[in-house]
Amino acid sequence: MTQAQRSDLFLQTLAPFQEVVLVSHVNPDPDALASMLGLEALIRQRLPGKPVTLTVDGMIARAENQAMVELLKIPLVPIGRIVTSPETAVVMVDSQPHTGRRASEAAVPVAVLDHHETPGNLAGVRFCDIRPNVGATSTIVTGYLLEQELSVSRRLATALLYGIDSETSGYPREAGPMDDGALVWLFPRADKDLLARIRHPKLPQSYFAAFQYALSNAFLY
């Protein structure tokens, strides 16, 4: 199955439903956040008029993640406020059902997109795109946008670039050819100043107070 077929089948899977709800793992990271934002853009452009809701399960913990949500204005609705019906297509992003990475497993997702090796329970899932050989789910979503020949805003390019980079720049580096290709395509389209502000967020005074406390109470063994 080619990437073009996957993106087409993904959209065909969602087409009969009245609304789409995007969910991810608990305490979503930049890859999950960017992937949901990218899928929202894809659905709104290819399935116009279909409502799309991005959800948050848990909290946005790290300062960089908080800056990403704030600066990119990512509209997140707490998962506990979501009411689904048979007309709701739940799409699980950057996670899989019943892997212990979500606080609630109330609804069986219609579609699952992920890059993790951890196998979940995919019973009842109509569409799956799980690629452990790819370093980030944001890479998969970027591929969908490319295959559908959609333009991306600077806001979305910044989100996807940061999502891929944050997932693949550590050690050992997990980036593959598809990740590198996505980064090359996204980089000239992203807002570099905004990206720098996300990577280096302003830290509250309480952070430095806690850091000082930790240093002053450290022991050498």
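Each value in this text was obtained by applying a stated rule to the coordinates, not by laboratory testing. Keep in mind that this is a model prediction, so the values were computed, not measured. For neighbour counting, all protein chains shown are included, and Cβ atoms are generated from backbone atoms with ideal geometry for every residue, glycine included.
Candidate cross-link partners of K202 among the aspartates and glutamates, defined by an alpha-carbon separation under 13 Å and a same-chain spacing of 8 or more, comprise E64, E70.
Given the options A190, L76, P97, identify the residue whose Cα lies farthest towards the positive end of the charge dipole of segment 68-198 (+1 on Cβ of Lys, Arg; -1 on Cβ of Asp, Glu). Towards the positive end, the residue furthest out is L76. Extending 7 Å from Cα along the Cβ direction at S151 and again at Q66 yields two label points whose distance is 3.6 nm. Extension gain for the segment L122 to A15, taken as residue separation times 0.36 nm less the Cα-Cα distance, is 36.5 nm to one decimal.
Taking packing as the residue-averaged number of other Cβ atoms within 10 angstrom, the listed peptides 185-198, 153-166, 110-123 run from highest to lowest as 153-166, 110-123, 185-198.
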